[in-house]
Every structure is written in structure tokens, then in C-alpha cells.
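Derivation of every value follows stated rules applied to the coordinates shown; laboratory data play no part. Keep in mind the model is a prediction, meaning the values are calculated, not measured. Don't worry about glycine lacking a Cβ; one is built from the backbone with ideal geometry, like all the others, and counts go over all protein chains shown.
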Amino acid sequence: MIRKNGINSDGNSIGKVTKSDQRVYISQAHMQFALDVLSSLISERFNMKTHLLESFVFSPLSVQSVLMMLHLGAKGKTKAEISNALYLSKLDNNVTFSTTHEIFGGSVKNLMQDNAISNSLSMANQIFVRKDLQLSATYKLALSHYYATSLTPTDFTRDAFRLINDFVAKHTKGFINNFLTTNPSSATGILPVNALYFKGTWQYKFDERETDTDAWFQLTNGQRSKVTMMVGKFPVAYGYSHSMKTTIIELPYSVHRLGLFLMLPDEVKGLFYLIRSLNATTFTTLITSMRKSKNDEINIRIPKFEIETSPSLTTTLRNHLGLRSIFSNGEADLSGMFSRSPVAIHVHEFMHKAILKIDERGSVGAAASAAIAERIGSFNGKFFEADHPFLFFLTDKQSGLIIFAGIYSGPLEKKFQ
């Protein structure tokens, strides 16, 4: 399994968590989970024959929201596996009261209820449940309390396809219209869905007249591809890690608590070393090392792009993060969801779809589903030119929630040189 223990201050195994540290711990746990999924998806999307890495995007916030809803109703081995995958096993995980859910759910509520955010970000949770199944009153109360989740009795033999696609389309403002491409199995018992939509404008907008429509981008196999580069000079936060050989900048949004962090390795293939070096501790160190000066502007060139990804996360969650029993008929224990335990309820597939568009005005996206501080290095003449693969993280800087994460590795559909 791809597991990195990088949550506590020394970067070693996770120890006992005190109450005063719980909020920071859960933020770090969320970050580590996001990095685990990111690392797994890189492995899955790297073609060993062509040596090309495919660009992708996913929403850690959306994925974890669904897992947290499942965690509320899981018991035994299934609950333990979800807790381990999310690095939450050290905390109180009772259904009726849970520090874990209180803090994570509270962070999400705080983000979504921020008046400055409301026009930029929206999220909704829904559980579609087979009509003959009765959810327990305790589970329904916990869902409502922590995640404002509503329930929809569903006939999975008839109307599930329409109901679920309509829900996702509505709450992503039409950005995702075809979340499901086929009808769910008629044997489906429950289907938890999270839909998320984001539209943000930059604090410093790129001038479209400066955009370079004929720029080169270096791919992981040594070839080059043409891209459209946005060009600007802004007083943004930046930093450099000598150990990871990586430059980082933040492109801030007009909603100041949100930022797009770009991590650019020195070398074209440095992305693979960077992802091996990243864990929650090194990620936080890199972010906190950043500096900003109003009199120190950075020359920026980054690709204009749109990425749409529909990864089935079943393989990632089962094979790399250890969530095995929940996908196994006969092993899954989701009995905490029901007033009467049904026969053989398990998760058949974990579906997720994410879209992120970056242009001169900002971003549009949708998704359904302390180490010792490092000394800052020089910034190579104050240039940030993303002409080879880089990581990106669209983050709520207040809570640490990662709304979108992914890799841009070039437009593989275009001609190479």
C-alpha cells in the first residue's frame, strides 16, 4: 500500500493525539489522505510503454466527504479500514458523538457558510437508498448533524440513473451532466453522492493580450507539445525547497481564504521525486516557507488548461489505501446505517468525476464524489515558468481542506516534437 506517515511533527509514526491538537491533526490527516490518493493516481496514469504521464484532477474534499458518510455507519473491520485510510484511527469514532466528524464536518460547514465563499463554492451531499431498506434514526441524525445530508428513497431498477444525474447536474450548476453513464446495479442498496462546484476569479488577473498561444511544454518522455501560456507579473507568495528541488507559488483568488498552489520541480522528471518526498509534514513546511512582498513581483508563465477526469477510485482505495472489506460482499459491515441489518450490503464501486478549468480570469471546477522550517532559497531571478509537469492544489488556507488536487503534464492529444 502507498502509505506515508507524515502527520506529526517528527514525520514518524502517528502517536497519541491530545485534545488541543485534534483540529490540526485532522487537517494534517486530510492532507495526507489527499497525497496518498494523488500518489496512487500517478502510478495508475503513468504509461510504462510511452513514458507519458496523463494529466488528472480529483477532489480530496469530495472523496473524503463520501468516505466520512460511510464511516458513520460502518462497524468492525470496515470502520477500522476507513479510519486507517483517513488517518483517523487515533480519535473518537462513535456514531452518536465523534470528535472526528465534529471537526471535519465543522470545517466544511465553516467553509460553505462563509458569505464571501457562497458565490464561488457550493457542495451538497445525498444518500440514495433502496426503498425497502430502513436507515436507523441514529445514523440519519448523525448524517444531518455533521454533513447536512438528505436521503432519497430510490428504486434502483428504474429511476436511479435520472435522479442521481439530476442531483449532480443541479449542484455542479450543469458542469457535470453525465456523472452516471449506465444504470446502477439493481442490487444496489445505498449510493452516497457528494457534488461540489467552484468558480473563482484571480486576485491578480492575467491579461489575455499577453497570452502566448504558441508555447512549448516538455513532456515526461522527453518530447514537447504546444500549449497556450498565460503570462503575468504579480506580487504573489513564493518559496523554494532545496531538498525537494521544487519551487512553489500561490495564485490567490479574490476570495482570500482560497488559493491555488503550484509546485514546479526543477527537472522535467522531478515530479516523481517530488511526490515521493511529499507527506503532510513536508507539504506544510513547503507552504509555510512561502514569502510575499508587495515590492517583489514574480514573472509567471503557466499553461491555460481544462482537465476532466473520471477515475474509478475503487482500485486506489482497495489496493493502495487498504479499504478491502467495504468492497467485498459478505465482509462489508455497514450495519450501523440500518435499523435492521440487511443481507450483504457492500460498496460495489467508488465513482468520482472532477473537472477543473484554469484561464486568465480564474478557475471553474466541479467534482462529484512540524518539521524544522527549511531555509528559503533563491528564486531563480523571480521567474516561475511552468513549461514541464507540475502539481496543483486548490486549498482553503483557513481549514487546510483541499478542494482540488492534481497534475498537469501536458496536452497529450496534441502533436509532439
For Rg/Rh (Cα atoms, Kirkwood Rh), calculated from these coordinates, the label among [x] 0.99; [y] 0.96; [z] 1.02: [y]
Could you go through segment 234-251 in sequence order and give the Karplus-derived ³J(HN,Hα) for each residue, using 6.51 cos²θ - 1.76 cosθ + 1.60 with θ = phi - 60°, rounded to whole Hz, and x for Gly and Pro? 9, x, 9, 6, 8, x, 9, 10, 5, 5, 9, 6, 9, 9, 10, 10, 10, 9
For K205 and E267, what does the FRET efficiency come to when R0 = 41 Å and r is the distance between their Cβ atoms, rounded to the nearest 0.05? 0.85
20 °C / 1.002 mPa s Stokes-Einstein diffusion coefficient of segment 174-258, Kirkwood radius on C-alpha pairs, µm²/s: 119 µm²/s
Given I127, S225, A354, which one lies farthest toward the positive end of the charge dipole of the chain, if we put +1 on the Cβ of every Lys and Arg and -1 on the Cβ of every Asp and Glu? I127
Roughly how many nanometres apart are two label points built 7 Å out from the Cα toward the Cβ at D212 and F46? 2.8 nm
Which pairs, out of K79/K131; K170/K233; K353/K397, put more than 30 Å between their alpha-carbon atoms? K170/K233
What net charge is computed for the residues neighbouring F338, neighbours being all others with C-beta under 13 Å from the C-beta of F338, Lys and Arg scored +1, Asp and Glu -1? +2
Taking K and R as +1 and D and E as -1, what net charge do the other residues with C-beta under 14 Å from the C-beta of L260 add up to? +3
Per residue of segment 168-184, in order, report the coupling 6.51 cos²θ - 1.76 cosθ + 1.60 (Karplus, θ = phi - 60°) as ³J(HN,Hα) in whole Hz, putting x for Gly and Pro. 5, 4, 4, 8, 10, 6, x, 5, 10, 9, 10, 4, 9, 9, 9, 5, x
Length gained if N177 through H242 is fully extended, taking 0.36 nm per residue and subtracting the Cα-Cα distance, is 19.0 nm
How many percent of all Cα-Cα pairs in segment 102-141 sit more than 14 Å apart? 64 percent
Fully extended contour minus Cα-Cα distance, from E308 to M112, at 0.36 nm per residue: 68.2 nm
Which of the peptides 147-154, 348-355 is most tightly packed, and how do the rest follow, going by the mean number of other Cβ atoms within 10 Å of each residue? 348-355, 147-154
